[in-house]
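Peer 1: Encoded as structure tokens, here's the structure I'll be asking about.
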Amino acid sequence: MFGRLTRIAIDLIAVSTLLAGIKRSTGYALHTGRVKDKTFHNLLVAYLGIGENIFAFCCGFAVSSSYFRRQIDD
């Protein structure tokens with residue numbers, strides 16, 4: 001039971017981080033204004049915020065790490 005909940009939580013975080021990456025690289029984001037229920041809207045905004053924080057952390061790690069370098073295509 002605990003393993004299944006952990007797996008679901010990790011999957012949800014991965015999807016939220018993916019959506020944050022799409023937002024940052026393309027400018028497209030989920031239209032949260034279409035959600036009518038105020039409670040669900042607030043949960044969705046918080047959920048997407050978690051993904052944005054994780055994505056920002058990963059980008060900061062990549063920039064400051066020697067394992068990554070900027071690759072400019074010609």
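Peer 1: Which pairs have Cβ atoms under 7 Å, sit 6 or more apart or on different chains, and link a residue in the stretch 15-33 that is closer than 14 Å to Asn53 by Cβ to one that is outside any helix (DSSP H, G or I)?
Peer 2: Leu19/Leu30; Lys23/Ala29
Peer 1: Which pairs do you get when a residue that is among the aromatic types (Phe, Trp, Tyr), found in the stretch 52-74, comes within reach of a residue that is assigned to a helix (DSSP H, G or I), reach meaning Cβ atoms under 6 angstrom, with the pair 6+ apart or on two chains?
Peer 2: Phe55/Thr17; Phe55/Ala20; Phe55/Gly21; Phe68/Ala62
Residues are listed down the side, and each one gets a yes or a no for (1) within 17 Å of Phe57 (Cα to Cα); (2) under 14 Å from the mean Cα position of the chain (by Cα); (3) modelled with pLDDT under 95; (4) not in a helix (DSSP H, G or I):
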{"position": "Gly3", "(1), (2), (3), (4)": "no, no, yes, no"}
{"position": "Ala14", "(1), (2), (3), (4)": "yes, yes, no, no"}
{"position": "Thr17", "(1), (2), (3), (4)": "yes, yes, no, no"}
{"position": "Ala20", "(1), (2), (3), (4)": "yes, yes, no, no"}
{"position": "Arg24", "(1), (2), (3), (4)": "yes, yes, yes, no"}
{"position": "Leu30", "(1), (2), (3), (4)": "no, yes, yes, yes"}
{"position": "Lys36", "(1), (2), (3), (4)": "no, no, yes, yes"}
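The values are calculated or read from the model by the stated rules, or taken from the named source; none is laboratory data. Here the structure is a predicted model, which means the values were calculated and not measured. For neighbour counting, all protein chains shown are included, and Cβ atoms are generated from backbone atoms with ideal geometry for every residue, glycine included.
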